[in-house]
Amino acid sequence: MIIQEGTTIKAQKNRNAYIAVAQGGKLFVYGRENNPVTITSNAENPQPGDWGGILLFGKAPINSGIVDRSDLLDYFYGGDEADDSSGFIRYLRIAYTGASYNEDLRFNGMTLYGIGESTALDYIQVSNSLGNGFRIVGGSVEPERILSVNTELSGVVLSDGWQGSGTSWYIANSNKASLEIFNNKLNTMAEPITSG
């Protein structure tokens, strides 16, 4: 999927709308500083939770098995390709995400499952989410210049053996935590250990 600079996508409220890119797929977002891409709600008065969010599923290592199935949407993710690429995303604004998935889970602004280090993520903003801003589940992706503002849950969640690094992360007004880090909820010593 390719999204050109200046594009605005408006998701329908209360229609289980989300963008998901399965293993092997790629998302290319070519925003620019003065002409970003925006994905938001189509509601006249948008509210947090109007739509789901963006989810990418890659082939990089995780610590819940060689591969696993996601809690959101039940997609396969994980593998042994640390340098896997799920695309290129630059200058993207995501707003009013966090719709309910089931009684226990909400979507996040951006959720990254087993995403490899060759995936380029730079200048991405999530605002007004009922979920987390960014959730990174395993993988080795290295997001740069990300912004999470006004989230009901955490600004950034790192888990399940993430082995990447981050540069210039800004998090504000998260009701749960700015940064939440854990290894594996079922096995706290599972390897690789979440680190960055």
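The values are calculated or read from the model by the stated rules, or taken from the named source; none is laboratory data. What you see is a predicted model, and the numbers here were worked out from it, not measured in a lab. Note that each Cβ is placed from the backbone with ideal geometry, even for glycine, and that neighbours are counted across all protein chains shown. Just so you know, the surface numbers come from the protein's heavy atoms only, side chains and all, with ligands and any DNA or RNA stripped out. Shrake-Rupley method; radii C 1.70, N 1.55, O 1.52, S 1.80 Å.
Annotations
- Answer residue from the stretch 162-185, given it is open to solvent by less than 40 Å² (accessible area, probe 1.4 Å) and assigned to a loop (DSSP other than H, G, I, E, B) and is nearest to PRO143 (Cα to Cα) among those: GLY164
- Hey, SER140 surrounded by 23 or more Cβ atoms within 10 Å (Cβ to Cβ) and under 21 Å from ASP50 (Cβ atoms) or not: no
- Selected residue [among the aliphatic types (A, V, I, L, M), open to solvent by less than 20 Å² (accessible area, probe 1.4 Å) and touching a Gly at 6+ places or on another chain (Cβ under 6 Å)] from ALA95, ALA99, ALA190: ALA99
- Filter result for TYR123 (open to solvent by 60 Å² or more (accessible area, probe 1.4 Å), more than 20 Å from TYR77 (Cα to Cα) and touching a residue at least 60 places away in the same chain (Cβ under 8 Å)): yes
- Checked against the criterion of being within 16 Å of the chain's Cα centre (by Cα), aliphatic (A, V, I, L, M), over 22 Å from GLY65 (Cβ atoms) and not in a strand (DSSP E or B), the candidates LEU121, LEU153 yield just one match: LEU153.
- Here the stretch 102-113 is the region considered, the condition is being part of a strand (DSSP E or B) and of a type outside the set (Val, Ile, Thr), and the residue that is most open to solvent (accessible area, probe 1.4 Å) is ARG106.
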